1. Would you confirm, using the coordinates I've provided, whether S44 is modelled with pLDDT under 90 and farther than 23 Å from P174 by Cβ?
2. Restricting attention to the stretch 174-191, which residues are out of contact with any helix residue (DSSP H, G or I) (no Cβ under 7 Å at 6 or more places or on another chain) and at pLDDT 70 or above?
3. Closer than 20 Å to A19 by Cβ, surrounded by fewer than 17 Cβ atoms within 10 Å (Cβ to Cβ) and of a type outside the set (A, V, I, L, M) - does that describe any residue in the stretch 104-115?
4. Find all pairs meeting these conditions: Cβ atoms under 6 angstrom apart; at least six residues apart or on different chains; first residue within the stretch 302-313 and β-branched (V, I, T); second residue surrounded by 15 or more Cβ atoms within 10 Å (Cβ to Cβ).
5. Filter the stretch 82-95 for residues that are part of a helix (DSSP H, G or I) and buried (at least 21 other Cβ atoms within 10 Å of the Cβ) and give the result.
6. Filter the stretch 62-81 for residues that are part of a loop (DSSP other than H, G, I, E, B) and aliphatic (A, V, I, L, M); which is nearest to the chain's Cα centre (by Cα)?
7. Can you tell which of E128, E150, E98 is free of Cβ contacts under 8 Å to residues at least 12 places away in the same chain and either surrounded by 21 or more Cβ atoms within 10 Å (Cβ to Cβ) or within 22 Å of the chain's Cα centre (by Cα) (or both)?
Amino acid sequence: MSTPTYAILRFEKHQGNPAKKIEDHHERNKTVYASNPDVDTSRSKNNYHIISPSGKYYAEIQQRIEAAGCRTRKDSVRFVDTLITASPEFFDGKSRKEIRAFFTRACEFLKDRLGKENIISAVVHMDEKTPHMHLIFVPLTADNRLCAKEIIGNRQKLIQWQDDFWRYMVEAYPELDRGESASTTRRDHIPTYIYKQMTILTKQSHHLEDLLTSINPFNAKSKAAEIIQLLSDYIPNVERISTQMKKYRVAFTETKAENQSLREENVQLSQELDAAQRTSLTKQLQDAKLQREYREAIAVLDRIPKDILDQAKQAARMEKHQQKQR
């Protein structure tokens, strides 16, 4: 089961004085980075600009503010340092050309939102553990006011930024997931990647059903071997989803696929539908479907002969132990 990967966009506001320190870090003007041991200066030659600064950061920032005719105070936010990256797993196996294409697309999104003229620099760091881009911009509004609050906004607008960024990037990279904010979901919103994992588990469940249905006295041994092999993935996947769901306060009951269970499920779905009408109909029905599919995945295990299931569980435990030893 693949690990979910996320597009990441973060903003950090600055009042002007740190511009030189940030420039020294972003442009790798120092020979030693004691505050960041992840920097491997032997690989700094692989860093590159999507947008190159035409001068010193602070001078460029001030020039842009003055050209816009903005008044500033001591506590005015003069520039914003934007971090753009993705989960480390997203970059696995990608060439430098493919990584550059990712950051070029991200930069296009920000140029369209911020105005290219307001971007001072966009530099990609390839000399740390995970490739990432730092984009410096002056937070000027369309009518030339210096207002980071209006550009970046409050918590709700930041969520909108994240949504829009993900929608733009996922058009080119459909494997990217949209991360969920625990502060807004209160940890009871199920992330997209769990639905995707459940889809994989459901396919495996159907495969197991087919294998069980096709067993006869002549092929019992070979079918048992196929089932054990499939269960080596299936059992850990069931456990993984169960663990993930507990994080989001979704309780599942591991029941057998019996008529009584199905009748109770229909009653539960009806109750969930009533609750959905008071909140989010689509979201509640998605969660109800996920719960039903999980119970069906558990029910398949109840149909597997005990000796085969015991062999599969033993193999899964051995595999888990070997992974810990690696």
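1. Values: modelled with pLDDT under 90: yes; farther than 23 Å from P174 by Cβ: yes.
Here the answer is yes, as S44 does meet what is asked.
2. If the condition is that a residue be out of contact with any helix residue (DSSP H, G or I) (no Cβ under 7 Å at 6 or more places or on another chain) and at pLDDT 70 or above, then P174, E175 are the ones that fit.
3. Here is the first cut: in the stretch 104-115, the residues closer than 20 Å to A19 by Cβ are 110, 114-115.
Filter once more, so that each one left must be surrounded by fewer than 17 Cβ atoms within 10 Å (Cβ to Cβ): 115.
Adding the requirement that they be of a type outside the set (A, V, I, L, M) leaves 115.
Yes, there is a match, as at least one residue in the stretch 104-115 is closer than 20 Å to A19 by Cβ, surrounded by fewer than 17 Cβ atoms within 10 Å (Cβ to Cβ) and of a type outside the set (A, V, I, L, M).
4. Cβ pairs passing all conditions: I308/A224; I308/I227.
5. Start the filter on the stretch 82-95 by keeping residues that are part of a helix (DSSP H, G or I), which leaves 88-91.
Across the stretch 82-95, the qualifying residue is only F90.
6. Only one residue tops the list, namely V77.
7. Details: E128 fails: free of Cβ contacts under 8 Å to residues at least 12 places away in the same chain; E150 fails: either surrounded by 21 or more Cβ atoms within 10 Å (Cβ to Cβ) or within 22 Å of the chain's Cα centre (by Cα) (or both).
Every option except E98 fails the conditions.
Conditions (1) surrounded by 14 or more Cβ atoms within 10 Å (Cβ to Cβ); (2) part of a helix (DSSP H, G or I); (3) out of contact with any His (no Cβ under 7 Å at 6 or more places or on another chain); (4) at pLDDT 65 or above, marked per residue:
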{"site": "Y193", "(1), (2), (3), (4)": "yes, yes, yes, yes"}
{"site": "T199", "(1), (2), (3), (4)": "no, yes, yes, yes"}
{"site": "K221", "(1), (2), (3), (4)": "no, yes, yes, yes"}
{"site": "E239", "(1), (2), (3), (4)": "no, yes, yes, yes"}
{"site": "L269", "(1), (2), (3), (4)": "yes, yes, yes, no"}
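The values are calculated or read from the model by the stated rules, or taken from the named source; none is laboratory data. Everything numeric here is computed off the predicted structure, so don't read it as measured data. Positions of Cβ are backbone-derived with ideal geometry, glycine not excepted, and every protein chain shown enters the neighbour counts.
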